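Contents: one structure, followed by commentary.
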Amino acid sequence: MAAERTASNAGLAIGAGSRTTRIAVRVALLLGVLVSLFPFYWLVVMASVTTQDILAYPPRLLPGGQLLHNMREVIHRIDFFTSLFNTVVVATVGTLLVLFFDSLAAFAFAKYAFPGRKLLFGILLATYMIPAQLSLVPQFVTMAHFGWAGTLKALIVPGAANAFGIFWMRQYAQNSLPDELLDAGRIDGAGFFRLYWQVALPLFRPALAFLGIFTFISLWNDYIWPLVVMVNPDKVTLQVALANLNVAYNTDYAVVMAGALMSVLPLIVVFLIGARQFLRDLAAGATKM
Amino acid sequence: MAAVAQTSSAADVTEPVRARAPRGRLRRHLPSYAAISPYYLLFAVFGAFPVGFSLYLSFQDWDGIGDMKFVGFRQYYWLLHDSVFWHALLNTFEIWFLSTVPMLLLALVLAFLLHSQTRFSAAWRVAYFIPNVTSMVAMTIVFGSVFAQAGLANSLFKAVGADGVGWLTSALGIKSAIAIMIIWRWVGYNALIFLAGLQAIPTELFEAARVDGANSRQLLFRVVVPQLRPVILFAVITSTINGLQIFTEPQVLFYSDDPGTAGGPGQEGMTIVLYLWQKSFNDLQFGYGAAMGWLLFAVIALFAIINWRLVSGSGRDDRPGIPLGKETGRGR
C-alpha cells in the first residue's frame, strides 16, 4: 500500500521517467553513496598502513597489512579496553534506563487521566527546548558537589529519563495501544505496573527499538560532557580517550587512525543490526512533529 | 518498583470505593505520578537547578575553588567588549551559513532522487544515514588528515595540477573544512526527513493537479514545496540549533596540549561553545562561561524565532490537507 503510493507520486514529482533519466538518477545516487561512505574506506586504509604511507605522495589508496600492528599499538598506548568498557556501560545502562523511564512515563501520560496531566506535559515540552550547553558550567559544579565528577554515574544518571523520549513514546502509545486491551487487563485484576509491563511494553517494541538505538548512539558518541566531567585521565570514555590519543601521538597518524576505527566499528555494527526499523521510525517521527 | 506495583494493583481493584474520598483519589493516581516522576526529579536536580545556578553564577567572579565575588553585570559587560567572543560569534555564523545552506539544498535534491527509487530503498537509506551514526571525534580525525597540508584533498589538487589549499591554516579553509564535515554528517539525515515528508503527500493531490494540466514545474512549486513546508521548517530549526552549538569538529581539529591553539590559526575555527568550554574549563572563569551560556541561549532563541518567521511566515497554510490542496489544484 505504502509502496504503491510512493511509486505513483514518485514519477510525478521528478517529471517524466524516461530510461535515460532513470539511469542518470541512479548514477547520481551511487556517486552520493560513494562520497557518503568514502571517509570510512579512507579510515580503513589509513588504519592499515604505516604513517610514512599516509604522508607519502602520491597517497596510497588501498588498504595495507599493518592493521593488527596498529591496533596493538593503540592498546599498548592507551587503556583502550577500560575506555571501551566505560563507554559500553554508559551506553547500555543509560539506554536501558531511558527505555524504562521514558516508556513508563509515556504510558501514564497517554493512558491515564490524572489531575495536572496537561500542565505537567506542557512543562516537559518546555524543558525540551533548553539547550544543553547553556548550563555546562553549573552542571559540572553540581556533579563535583555530589562527588560524582569522574564517575560513570555523572554520565548515566542525568540523562536517565529525557523529554524527547517521553514525548515521542507518548505519541506512539496514543496510537498503538488500544484502551480495550487495557480494560481487559483491568478486568483480570492487573494494576498499573502489570498493565505497563505485560500489555503496553510488548506493543511498544517498535518505538522502543527506535528510541533505544537513538539513545545508544548519542550516548556512545557524546563528547563534550564526558570531556568536561571525566576529570580523572585514567577513567574516560572512548571518545575522550581517542581525542587524547590524537593529541599525544599526533605524529603517529596510523596508530591514531587504528584507534578511530576501533571506536567506530562497534557502533556501526549496532546500527546495521537495527537499521531498517530505526530509519522507518525516524521518518515517521519527523512527519508527526 | 515492586512497591509501586503493589500499591497500584490494590488501588485499581478498590477504585470505586476509594474514589469518593480525596485521599483515595490521590492514592488512585499515585502510580501515574510515580511513573512520570523520574523525569521531573532528574530535571529538577540536573536541569532546572543548574540553569538557575548558571544565572546566579553569571553575576559572580569564580574560579570554582575559591570564594565567589559578586560582580553584577560586569561579566556580560566584559563579554560584550571581548573581541575573541565577537570573533567566535562571527565564526559560528559563518560556519553555520556555509554548512546549513548547501546541506539543506543537497538534502532536498537527494530526497527527490531517493523518492524516485522503488527498489533497494532501505539500502539507499542506510548508506546515506551512516555518516550521522558515527563518532564525530573519529571522523573529525579522519577529515583532519584528509585536509592536512599534504593530505588527500591537496594531493588530489596536486594531481590535477592545481595549487594546494590551506584547509587548516587559512580563514576560509578552516571554515570550509568544518562546514564540509557538517554537510557530510547531516545531508543524509535531513534527506530522510524530507523524504518522509514527500511520501506523506497524498497522491490525490498530484492527480488533481495533473488533471488540471499542471506541468512538472508547477507541481514542484505549487504542490510539493507548500506541502513540505512543515518538514522544511523542522529541518531548518534543528540545523540552526545544532549549527550554533558546533564544538566537536573545531575542538578535535585543533586540540593540543597548548590551550593557545584552540580554534586554530588566527582562531578562525573558534566557535562560541568552544570558547565557552575554553574559558570555563581551561581558564577556570566559571562566571564568564555562565554568562556566555546565557548569551548563546539568547542568540539561539532569536535565530530560531527568525527562522520560524522566515520559513512559516510566507505560507498560507502549513498543514497537509486534501481539501485545501484540491481547491488549489482546481484554481490554477
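All of A:Leu61, A:Leu30, A:Leu68 fail the test of being more than 30 Å from B:Ile36 (Cβ to Cβ) and in a loop (DSSP other than H, G, I, E, B), apart from A:Leu61.
Any idea which of B:Leu156, B:Leu113, B:Leu98 is modelled with pLDDT of 95 or more, surrounded by fewer than 21 Cβ atoms within 10 Å (Cβ to Cβ) and more than 26 Å from A:Ile217 (Cα to Cα)?
On the way: B:Leu156 fails: modelled with pLDDT of 95 or more; B:Leu113 fails: modelled with pLDDT of 95 or more.
Step by step, each of B:Leu156, B:Leu113, B:Leu98 is checked, and only B:Leu98 is modelled with pLDDT of 95 or more, surrounded by fewer than 21 Cβ atoms within 10 Å (Cβ to Cβ) and more than 26 Å from A:Ile217 (Cα to Cα).
Applying the set (1) surrounded by fewer than 17 Cβ atoms within 10 Å (Cβ to Cβ); (2) over 30 Å from B:Asp61 (Cα atoms); (3) in contact (Cβ under 8 Å) with a residue 12 or more places away in the chain to A:Tyr128 leaves exactly one unmet item: (2). Number of residues in segment B:275-287 that are in a helix (DSSP H, G or I) and either under 23 Å from B:Asp257 (Cβ atoms) or in contact with a Pro (Cβ under 9 Å, 6 or more places away or on another chain) (or both) equals 8. Applying the criterion of being outside any loop (DSSP other than H, G, I, E, B) and farther than 17 Å from A:Leu203 by Cβ to the residues of segment A:145-165, the residue that is farthest from the chain's Cα centre (by Cα) is A:His145.
Scanning segment A:96-131 for residues that are within 8 Å of another protein chain (Cβ to nearest Cβ) and closer than 30 Å to B:Leu274 by Cβ yields a count of 3. In summary, B:Val225 fulfils each of the numbered conditions (1) farther than 30 Å from B:Trp86 by Cα; (2) without any contact (Cβ under 8 Å) to a residue 24 or more places away in the chain; (3) facing chain A (nearest Cβ under 9 Å) with the single exception of condition (3). In summary, helices (runs of 4 or more DSSP H) completely within segment B:37-128 and bearing 1 or more residues that are away from chain A (no Cβ under 14 Å) and among the hydroxyl-bearing types (Ser, Thr, Tyr) occur at B:74-80, B:83-115.
Test B:Lys326 against the stated conditions and say whether it is crowded, with 17+ Cβ neighbours inside 10 Å and modelled with pLDDT under 90. Spelling it out, B:Lys326 is indeed crowded, with 17+ Cβ neighbours inside 10 Å and modelled with pLDDT under 90.
Residues of segment B:188-240 that are of a type in the set (A, V, I, L, M) and touching a Phe, Trp or Tyr at 6+ places or on another chain (Cβ under 8 Å): B:Ala191, B:Leu192, B:Ile193, B:Leu198, B:Leu219, B:Val223, B:Leu228, B:Val231, B:Ile232, B:Leu233, B:Ala235, B:Ile237.
For first residues located in segment B:297-308 and closer than 11 Å to B:Val236 by Cα, partners that are surrounded by 12 or more Cβ atoms within 10 Å (Cβ to Cβ) and of a type outside the set (A, V, I, L, M, F, W, C) and lie 6+ apart or on another chain with Cβ distances below 8 Å form the pairs B:Phe303/B:Thr240; B:Ala304/B:Thr240; B:Asn307/B:Thr240. Residues that are without any contact (Cβ under 8 Å) to a residue 24 or more places away in the chain and surrounded by 15 or more Cβ atoms within 10 Å (Cβ to Cβ) within segment A:163-191 comprise A:Gly185, A:Arg186, A:Ala190, A:Gly191, listed in sequence order. Name the residues in segment A:195-211 that are surrounded by fewer than 18 Cβ atoms within 10 Å (Cβ to Cβ) and either aromatic (Phe, Trp, Tyr) or free of Cβ contacts under 8 Å to residues at least 12 places away in the same chain (or both), would you? Within segment A:195-211, A:Trp197, A:Pro202, A:Arg205 qualify. Within the option set B:Val160, B:Val137, B:Val146, B:Val142, being assigned by TED's automatic domain parsing to the domain that holds B:Leu253 and farther than 25 Å from A:Val247 by Cβ holds for one residue only, B:Val160.
Checked against (1) away from chain A (no Cβ under 11 Å); (2) modelled with pLDDT of 85 or more, B:Gly188 passes all but condition (1). Please go through segment A:45-80 and give me each residue that is within 13 Å of A:Leu261 (Cα to Cα) and either at the interface with another protein chain (Cβ under 10 Å from one of its Cβ atoms) or aromatic (Phe, Trp, Tyr) (or both), ordered by number. Across segment A:45-80, the qualifying residues are A:Val45, A:Met46, A:Ala47, A:Phe80. When restricted to residues that are outside any helix (DSSP H, G or I) and either at pLDDT below 85 or of a type in the set (A, V, I, L, M, F, W, C) (or both), segment A:248-283 contains 3.
Scan segment A:73-82 and tell me whether some residue there is under 26 Å from B:Ala153 (Cβ atoms) and either among the aliphatic types (A, V, I, L, M) or outside any helix (DSSP H, G or I) (or both). Checked against the condition, which is being under 26 Å from B:Ala153 (Cβ atoms) and either among the aliphatic types (A, V, I, L, M) or outside any helix (DSSP H, G or I) (or both), segment A:73-82 yields at least one hit.
The values are calculated or read from the model by the stated rules, or taken from the named source; none is laboratory data. Remember, predicted model here, so these are calculated numbers, not experimental data. Note that we place each Cβ from the backbone using ideal geometry, even for glycine, and neighbour counts take in every protein chain shown.
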